[in-house]
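Here is the structure we will look at.
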Amino acid sequence: MHIYLVRKASSVSKGHHQQTVGSRPAASEFAARGASGNVLELLGKSYPQDNYSNLSRKVLSRVGRNLHNQQHHPLWLIKERVKEHFYQQYVGRFGTPLFSVYDDLSPVVTIWQNFDSLLIPADHPSRKKGDNYYVNGTHMLRAHTSAHQWDLLHAGLDAFLVVGDVYRRDQIDSQHYPVFHQLEGVRLFSKHELFTGIKDGESLQLFEQSSRSAYKQETHTMEATKLVEFDLKQTLTRLVTHLFGDGLDIRWVDCYFPFTHPSFEMEINFHGEWLEVLGCGVMEQQLVNSAGAQDQIGWAFGLGLERLAMILYDIPDIRLFWSEDERFLKQFRVSDINQKVKFQPLSKYPAVINDISFWLPSENYTENDFYDLVRTIGGDLVEKVELIDKFEHPKTHKTSHCYRITYRHMERTLSQREVRRVHQAVQEAAVQLLGVEGRF
């Protein structure tokens, strides 16, 4: 599988190109932001570039890697354990698995799929260009696996899991990476399925016209909502018990998502600390209706595979999931996917810390633009970026930011010289691409 980035109609450069530490590329290499007339070739399709395009070369190099489908990768192990659990626990009428599994859907989706199909308002902050990777004004790299919910419901499915890579522009630290992996679950119920076995179930209804409350939607009866909520929580409690073992303390926290109501986050007490592991809720009936399943009611949940793997296997840094170091990968080559694995840390090489200060341009600057630029140039040499100081000049009212960048290679010691080259490239690119005024 190849990813190609076309800057001009006549020139092609390969998206898997790795920036060699120590070399200093031109600023145009740092980001795949195409002007009008350029075309991006991605996963076998062509996408015209416009002023919405903001894909970095670093992120493009990750598209198509599909860590969740690489046998014996820790994310694959988590996916397979979840899949096995659902296959064994939930069987359809003919002895076949109730849940279908989709783990190879393209990460390039329309903006409608990612936002509008999920009832996310046009002015919702989650749509911001600063938080997402847009291919152009109509397409993007999915920000969540929920982007496929509507299509699968519309195809007539009523129980499915979706697993895939998702993309978000975010801060840089050991817990965050611009590409991560989600697992999504959806289940719909007919009136017969939900109320069978319930006392006086034949007299109960899924729908009514009432008012929305903290406990239910305006179109759902309280009985239907409570049964769906019970099934959802029971399903997820069984899942995390399968993953973490018996005796787990679980608590549910009320929260808000645009596409479910009521909505919850599940937290587990792991080694004495409460950790949020997934979000879920009763699906918004408007979404279900628009996909053509007006006579059904359902639940949905979503969890992060990296989050679970970091907790389960005691993996301290999210960059490790992209490592090709045999010392990391061989620890997860187990004969049984349910075998317990405790990650044995690789030697931690010393960090090199450099600061960078600059005056911000008068407009169109976001912190995520800078983080994205640092990721693109420094790659996985960058462990962490912190905004450590903000200053407003009393006369000019210009704002200055000072960031602390921690460089640390996962597999060897970095020299001051090679870090200096990367850091200088960051400084030059910040001036050229972000319009900042350097204070270096």
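Sequentially through region 200-214, phi angles give Karplus couplings (6.51, -1.76, 1.60; θ = phi - 60°) of 6, x, 5, 8, 8, 10, 6, 10, 7, 9, 9, 10, 6, 9, 5 Hz, Gly and Pro residues having no value and appearing as x.
Here region 235-360 is assigned +1 on the Cβ of each Lys and Arg and -1 on the Cβ of each Asp and Glu. Its dipole about the Cα centre then comes out at about 420 debye. Over region 208-316, the pair-distance histogram of Cα-Cα distances with 5 Å bins from zero comes to 2, 11, 22, 22, 16, 11, 8, 5, 2, 0 percent, rounded to whole numbers.
Against the chain, whose longest principal axis comes from its Cα atoms, helix 74-89 is set at around 10 degrees. Couplings 3J(HN,Hα) of region 217-222, computed from phi: 7, 5, 9, 9, 6, 5 Hz, in residue order, whole Hz [Karplus 6.51 cos²θ - 1.76 cosθ + 1.60, θ = phi - 60°; x for Gly and Pro]. Taking square-rooted eigenvalues a ≥ b ≥ c of the alpha carbon gyration tensor, is region 314-431 rounded, prolate or oblate, where a/c under 1.5 means rounded and, failing that, a/b exceeding b/c means prolate? Taking the square roots of the gyration eigenvalues as a ≥ b ≥ c, region 314-431 is prolate.
Only beta bridges with both residues in the chain are counted; by DSSP, about 95 percent of them are antiparallel. Projecting the Cα positions of L157, C255, Y134 onto the charge dipole of the chain (unit charges on Cβ atoms of Lys, Arg, Asp and Glu, taken about the Cα centre) puts Y134 furthest along the positive direction.
In whole angstrom, how far apart do the alpha carbon centroids of region 167-193 and region 213-270 sit? Distance between centres, Cα-based: 16 Å. For the chain, a simple Cβ point-charge model (Lys and Arg +1, Asp and Glu -1, everything else neutral) yields a dipole of about 1560 debye relative to the Cα centre. A probe of 1.4 angstrom, applied to the heavy atoms of all protein chains, finds E363 with accessible area near 130 square angstrom. For the chain, the residue among V228, I78, S46 whose Cα projects farthest onto the positive side of the dipole built from Cβ charges is S46. Sorting the segments 410-420, 225-235, 330-340 by their residues' average number of neighbouring beta-carbon atoms within 10 angstrom, most packed first, yields 225-235, 410-420, 330-340.
Which entry in [x] 1.05; [y] 0.99; [z] 1.07 is this structure's computed Rg/Rh (Cα atoms, Kirkwood Rh)? Given [x] 1.05; [y] 0.99; [z] 1.07, the calculated one carries the label [y]. First check a/c for region 79-150, with a ≥ b ≥ c the square roots of the eigenvalues of its C-alpha gyration tensor; if it is under 1.5, answer rounded, and if not, answer prolate when a/b is larger than b/c or oblate otherwise. It is prolate, given that a/c is not under 1.5 and a/b is the larger ratio. Excluding same-chain neighbours fewer than eight residues apart, the aspartates and glutamates reachable from K342 by a Cα-Cα span under 12 Å are D314.
Peptides 125-137, 171-183, ordered by how many other C-beta atoms sit within 10 Å of their residues on average, highest first, read 171-183, 125-137. With all protein chains in place and ligands, DNA and RNA left out, the 1.4 Å accessible area ranks W299, W112, W359 as W112, W359, W299, largest first. For K348, give me every one of the lysines with a C-alpha distance below 29 angstrom, ignoring sequence neighbours fewer than eight places off in its own chain. Filter leaves K58, K79, K330, K340, K384.
Straight-line reach from K199: taking Cα to Cα under 16 Å and skipping same-chain neighbours fewer than 8 places apart, the lysines in range are K191, K226. Using θ = phi - 60° and the Karplus relation 6.51 cos²θ - 1.76 cosθ + 1.60, list the HN-Hα couplings for region 397-410 in order, rounded to whole Hz, with x at every Gly or Pro. In residue order, the calculated couplings are 6, 6, 9, 10, 10, 10, 10, 9, 9, 9, 9, 7, 7, 6 Hz.
The values are calculated or read from the model by the stated rules, or taken from the named source; none is laboratory data. All values derive from a computational prediction rather than experimental measurement. Neighbour counts are summed over all protein chains in view; Cβ atoms, including those assigned to glycine, are modelled from backbone coordinates with ideal geometry. The area values use the complete protein model at the heavy-atom level, side chains included, leaving out ligands, DNA and RNA. Shrake-Rupley method; radii C 1.70, N 1.55, O 1.52, S 1.80 Å.
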